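For reference, the structure is listed below as structure tokens.
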Amino acid sequence: MSMKPVLRTKGPDIAFGIVVMALGAVSIVEGLSIRPSRFDPLGPGAVPAMIGVALCILAGAVLLSTATSLRIGDGARLFTGLEDEAGSEPLLWQRALAVFVTTLAYVAVLELRLVGYLGATFAYTAFLLLVLGRRDARGTAIALVTAAVTAGLLDTIFRRLLSIDLP
Amino acid sequence: MSLAEAFIAVLQPLPFWVLSLGVLLGIIVGALPGMTGGMLMALALPFTYYMTDANAITLLIGMYVGGISGGLITATLMRIPGEPSSVMTTLDGYPLARAGQPGRALGLGISASVVGGGLSWIALVLLSPPLAKLGLQFGPFENFALALLALVMISSLSRGSFVRGLIAGLLGMLVGVPGVDESSGTMRFTFGIDALAGGFNLLPVILGIFALSQVFADLMAPDKPAMRVAADRRGILISLRDYVDHGWNMLRSGLIGIFMGIMPGVGASIGSIAAYTTARNLSKTPEKFGKGSEEGIVASETANNATSGGTLIPVITLGLPGGFTDAVLLAALMIHNLQPGPHFFANNTRIVHTIMASHLLAHVVMFAIMVVASLWIVRLMEIPKQYIATMVLVLCVIGAFALNGRLFDVWVMLAFGAVGLALEYVRAPLAPFAIGLILGPMAEGQFRSAMMMSEGSLAPLVTRPISLTLLIATLALFAWPFWRERHLRRAKITG
């Protein structure tokens with residue numbers, strides 16, 4: 001079964017250009033709002049503002065390049081062999097997203113101190129291993145043991161040996 | 001501390017144990033697809049807080065050397081390059097292993113790696129002092145021009161588009177802006193967030209951009225069943241005759257690797273490709289390349305290890321990181337209050353010599369471990385991907401937290417993980433981001449000092465010979481992609 005290459009749309013590139021331009025604009029505005037000191041002719045806002053200007057120009061180049069399909073600044077390859085490969089298989093976005101959301105929840109639980117580090121880490125590790133891996137009896141047992149060992153080991157190393165006050 | 005004393009110091013039980021541990025972990029991680037030596041170094045950073053500066057650097061150098069070398073195990077026995085720098089090894093290592101000589105294929109790669117490392121160590125010892133002496137002549141204008149050159153060079157040479165590379169570099173610089181400005185004490189770019197008063201800490205940003213985003217990228221990749229060649233150790237120790245037969249290839253590939261290592265942004269992968277291509281072009285039997293050529297394995301593995309010493313030269317003499325791994329090394333130095341830069345070599349001879357001694361000894365340890373344990377290490381590939389990803393995530397969270405004991409840094413790490421993934425998605429290379437992150441504050445500080453010295457005049461940038469030379473090189477590198485595109489377009493039009 002042959003797979004069709006995954007075609008890239010222009011959407012992400014346009015979004016990238018817009019976000020970079022917005023960041024550049026914020027840097028310019030924020031940088032220029034800082035007053036220079038008496039002894040420093042540039043002041044603390046000048047360099048961030050310059051970075052902002054450069055970002056806006058480069059973001060403009062990305063947007064222009066995307067809109068016109070012109071290759072701007074892509075011809076610098078002195079060495080070949082490491083070019084980005086055109087993906088031939090769809091990426092598993094949902095899996096990565098699920099893990100990311102779970103990680104956010106894990107950190108939130110630690111932040112809110114709903115459960116201590118030991119319990120939260122055990123639950124997080126076990127959940128991820130079960131979601132991502134085998135869920136039969138053997139897989140579940142391995143996941144639970146791994147989670148317990150991981151949480152216990154890290155808690156011992158950081159709390160007891162390195163004297164860090166874990167949540 | 002002299003170099004000889006540094007060797008003796010690293011050979012003491014604790015430092016040697018630390019070095020060996022670093023090499024072993026580096027080899028394992030280097031062999032694991034989806035994990036890199038640089039990622040391991042980033043994960044190890046929090047632990048180095050509790051070590052002496054010398055032991056911390058010894059550990060990281062061990063991981064660095066192990067990481068570059070370990071990729072050849074899976075490249076040879078499974079046709080999976082554990083590290084990007086072992087891609088070329090798969091082309092000939094795997095066919096040779098499949099042809100019934102897995103031990104010899106591994107042996108050639110391991111021996112070539114040691115020779116490459118040894119050659120690059122000689123370059124490191126011989127080239128660093130004169131370059132460091134040159135660096136001492138640098139003032140603020142030269143340092144600023146140097147930072148500019150590094151940023152443009154890495155954007156120009158690393159993978160991905162030049163413009164996107166520059167954007168990544170500037171974004172990295174911008175990350176260094178928030179917090180109290182060191183020169184004036186003014187608070188800037190904190191947007192009312194108190195936790196940002198001290199700025200972004202380096203470690204959470206590095207962990208997020210490089211470790212976390214890599215884990216998510218790896219999780220997005222579809223799972224593929226791996227095929228492993230049944231192997232034994234027969235032929236893993238190659239003969240003296242083999243060293244002689246491959247001597248010229250090793251020397252040439254080593255020199256290519258060293259040169260590629262010195263250039264910011266090029267690194268082990270391209271060094272390996274360049275050496276492999278040269279070896280094929282100069283070979284009497286080019287038709288064997290890709291079908292189990294011994295020359296191909298030797299060229300690729302000599303070169304990728306040779307970049308390790310080459311890349312350390314600008315790091316210890318000028319404070320210039322050539323890529324992400326060097327950025328982590330510099331971050332480790334900063335954590336231990338060692339300020340990288342042109343004065344680093346002169347002011348920190350002890351650490352410089354520790355780096356040099358660790359680099360050579362790490363290759364010796366790597367040789368021993370690889371010869372003895374390669375066949376065991378390859379079995380670790382049976383560990384499911386989700387276990388590795390979960391462990392890395394848990395380590396990232398606790399590593400970022402351990403820095404200051406605050407969860408704000410963990411949120412920062414998660415945010416930068418998303419940023420890293422987004423940058424990868426839009427094909428913006430991450431190496432320039434690392435360079436911008438590390439060099440940004442230095443570049444700004446030097447630029448402002450220069451402006452204070454010259455009372456706001458930019459003229460010294462072009463009247464001082466070194467800064468002018470660096471500036472011309474920067475402009476040439478900047479103009480290169482645009483000139484090349486124009487040239488290609490014209491060539492296309494004229495047929």
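Coordinate-derived values only; no laboratory data. Keep in mind that what you see is a predicted model, and the values were worked out from it rather than measured. A quick note on method: Cβ atoms are made from the backbone with ideal geometry, for glycine too, and the neighbour counts reach across all protein chains shown.
Of note:
- Nearby aspartates and glutamates by direct alpha-carbon distance to B:Lys385 (threshold 19 angstrom, same-chain neighbours under 8 apart not counted): A:Glu89, A:Asp136, B:Glu83, B:Asp218, B:Asp223
- Residue-wise HN-Hα couplings along region B:359-369, as the Karplus relation 6.51 cos²θ - 1.76 cosθ + 1.60 with θ = phi - 60° gives them from phi, are 4, 6, 5, 4, 5, 5, 4, 4, 4, 4, 5 Hz; Gly and Pro carry x.
- Spherically averaged projected area in nm², based on the convex hull that wraps the Cα atoms of chain B: 24.8
- The angle between the Cα long axis of helix B:162-175 and the longest principal axis of the Cα atoms of chain B comes to about 60 degrees, rounded to the nearest 10.
- In a simple Cβ point-charge model (Lys, Arg +1; Asp, Glu -1; nothing else charged), region B:330-484 has a dipole of about 160 debye relative to its Cα centre.
- Remark: mean inter-chain Cβ contacts per residue of B:166-175 equal 5, using a 10 Å Cβ-Cβ cutoff to other protein chain atoms.
- Pairwise Cα inverse-distance average, inverted: Kirkwood Rh of the protein assembly as shown (Å): 25.6
- Placing one equal scatterer on every Cα of region B:41-150 and applying the Debye formula, the log10 ratio I(q)/I(0) at q = 0.11, 0.23 Å⁻¹ is -0.58, -1.11.
- Theoretical FRET efficiency, 1/(1+(r/R0)^6), r = Cβ-Cβ of B:Ala479 and B:Asp245, R0 41 Å, to 0.05: 0.40
- Folded to 0 to 90 degrees: helix B:465-493 orientation relative to chain B principal axis, Cα: 60
- Working from the Cα coordinates of region B:373-420, the gyration tensor eigenvalues give, after taking √(5λ), semi-axes of 29, 12, 8 Å in decreasing order.
- Residue-by-residue Karplus 3J(HN,Hα) for region A:102-115, coefficients 6.51, -1.76, 1.60, Hz, glycine and proline x: 4, 5, 4, 5, 4, 5, 5, 4, 5, 4, 7, 6, 5, 9
- Amide hydrogen proximity for B:Met187: with H placed 1.01 Å from N in the peptide plane, the residues at 5 or more positions away or on another chain lying under 5 Å are B:Asp181.
- Applying the criteria of a DSSP loop state and at most 10 other Cβ atoms within 10 Å to the trypsin sites (Lys or Arg not before Pro) of region B:203-309 yields B:Lys284.
- Globularity index of region B:318-358 is 1.07 (Cα radius of gyration / 2.2 N^0.38 Å, N = number of residues).
- Neighbourhood charge, 15 Å Cβ-Cβ cut-off, centred on B:Val115 and excluding it, Lys, Arg +1 and Asp, Glu -1: -3
- Among B:Phe289, B:Leu312, B:Ser300 - extreme Cα towards positive end, dipole of region B:272-325, charges at beta-carbon: B:Phe289
- Reported to the nearest whole Å, the Cα centre-to-centre distance from region B:362-380 to region B:169-199 is 44.
- Distance between modelled label sites at A:Asp136 and B:Ala217, nm, 7 Å Cα→Cβ extension: 3.4
- Inter-probe distance in nm under a simple model that places probes 7 Å from Cα toward Cβ, at A:Ala22 and B:Thr285: 6.0
- Dipole of the protein assembly as shown [Lys/Arg +1, Asp/Glu -1 at C-beta], most positive-end residue of B:Pro340, A:Ala141, B:Pro481: B:Pro481
- Look at the dipole of the protein assembly as shown built from charges on Cβ: of B:Pro432, A:Ala151, B:Ala279, the Cα furthest out on the positive end belongs to B:Ala279.
- Relative packing of B:391-402, B:118-129, B:183-194, B:375-386, which averages over residues the other C-beta atoms within 10 Å, highest first: B:391-402, B:118-129, B:375-386, B:183-194
- Degrees separating the helix B:431-453 axis from the principal Cα axis of chain B, which is the longest one: 30
- Descending principal axes extents, region B:202-321, alpha-carbon based, whole Å: 49, 44, 26
- Helical content of chain B, expressed as a calculated mean residue ellipticity at 222 nm, amounts to -24000 deg cm²/dmol (DSSP H runs of 4 or more residues, -39,500 (n - 2.57) each, divided by residue number, nearest 500).
- Estimated FRET transfer efficiency when R0 is 45 angstrom, pair B:Val180-B:Lys492 (beta carbons, to 0.05): 0.30
- Its Cα centre serving as origin, the protein assembly as shown has a Cβ charge dipole (Lys and Arg +1, Asp and Glu -1) of approximately 1300 debye.
- Computed over the alpha carbons of region B:343-495, Rg followed by Dmax gives 23.8, 64 Å.
- Inter-centroid distance (Cα atoms) of region B:49-116 relative to region B:433-472, Å: 39
- Directionally averaged projected area (convex hull, Cα atoms, region B:163-264), nm²: 13.5
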